[in-house]
Amino acid sequence: MNYRELESKVNEWAKNKGILDKGTPLAQSEKTLEEAQEIKDALLSNDRDELIDALGDTLVTIIIQAKMNNLDLLDCLDAAYGVISKRSGDMVDGTFVKH
């Protein structure tokens, strides 16, 4: 399946579960934060299967957030890349720090 097909399936699932009709963008942002913490937990425990699950779940929450806000996620990614592609910085203790 390509990205657009998966995105459509995620949004259909969210609609069927009532997330798009009854959820709020703020509540959805909390779900994204919860899933992002699971990424960190999986890394700390060196659990590849949990990392795959957490990354996927995080993407699901972001896809739903975009839909809730009538945004195209690929447009958001393109806009972000347009900014970061021009960014300068240095690696400090394993993290890119922008100037």
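The values are calculated or read from the model by the stated rules, or taken from the named source; none is laboratory data. Quick caveat: nothing in here was measured; it's all calculated off a predicted structure. Cβ placement follows ideal geometry from the backbone for every residue including glycine, while neighbour counts extend to all protein chains displayed. Just the protein is used for accessible areas: all its heavy atoms, side chains included, with ligands, DNA and RNA removed. Shrake-Rupley method; radii C 1.70, N 1.55, O 1.52, S 1.80 Å.
If you filter the stretch 25-99 for trypsin sites (Lys or Arg not before Pro), then keep DSSP loop positions with at most 12 other Cβ within 10 Å, what is left?
On the way: sites: Lys31, Lys40, Arg48, Lys67, Lys86, Arg87, Lys98; in loops: Lys86, Arg87.
When the trypsin sites (Lys or Arg not before Pro) of the stretch 25-99 are filtered for loop state and at most 12 Cβ neighbours within 10 Å, Lys86, Arg87 remain.
For every helix of n ≥ 4 consecutive DSSP H residues, a contribution of -39,500 (n - 2.57) applies; sum these over the chain, divide by its total residues, and give [θ] at 222 nm rounded to the nearest 500 deg cm²/dmol.
On the way: 5 runs with 71 residues, N = 99.
The per-residue figure over the chain is -23000 deg cm²/dmol.
Using the Cα centre as the reference, give the magnitude of the dipole from point charges on the C-beta atoms of the chain (Lys, Arg: +1; Asp, Glu: -1; all else neutral), rounded to the nearest 20 debye.
Working: 12 positive and 19 negative charges, 85 e Å.
Result for the chain is approximately 400 debye, rounded to the nearest 20.
For the chain, what relative contact order do you get, as a whole percent, if you take Cα pairs closer than 8 Å and at least 6 residues apart? List each step's numbers first, then the result.
On the way: 61 pairs, mean separation 23.8, N = 99.
The normalised contact order for the chain reaches 24 percent.
Could you state the accessible area per residue of the chain in Å², with a 1.4 Å probe and every protein chain left in place?
Working: 7510 Å² over 99 residues.
That works out to 76 Å² for each residue.
How large a share of the accessible area of the chain, in percent, is made up of carbon and sulfur atoms when the probe is 1.4 Å and the other protein chains stay in place?
Working: 4240 of 7510 Å².
Result for the chain: 56 percent of the exposed heavy-atom area is carbon or sulfur.
Given [x] 15.7, 50; [y] 15.7, 45; [z] 16.6, 51, which label gives Rg and Dmax of the Cα atoms in Å as computed from the coordinates?
[y]
What is the helix-to-structure angle for 48-68, meaning the angle in degrees between its Cα long axis and the longest Cα principal axis of the chain, kept from 0 to 90 and rounded to the nearest 10?
The angle comes out near 60 degrees.
On a 0 to 90 degree scale, rounded to 10, what angle separates helix 3-16 from the longest Cα axis of the chain?
Approximately 50 degrees, to the nearest 10.
Would you mind checking the tilt of helix 25-44 against the longest principal axis of the Cα atoms of the chain, expressed as 0 to 90 degrees and rounded to 10?
For helix 25-44, the angle is close to 50 degrees.
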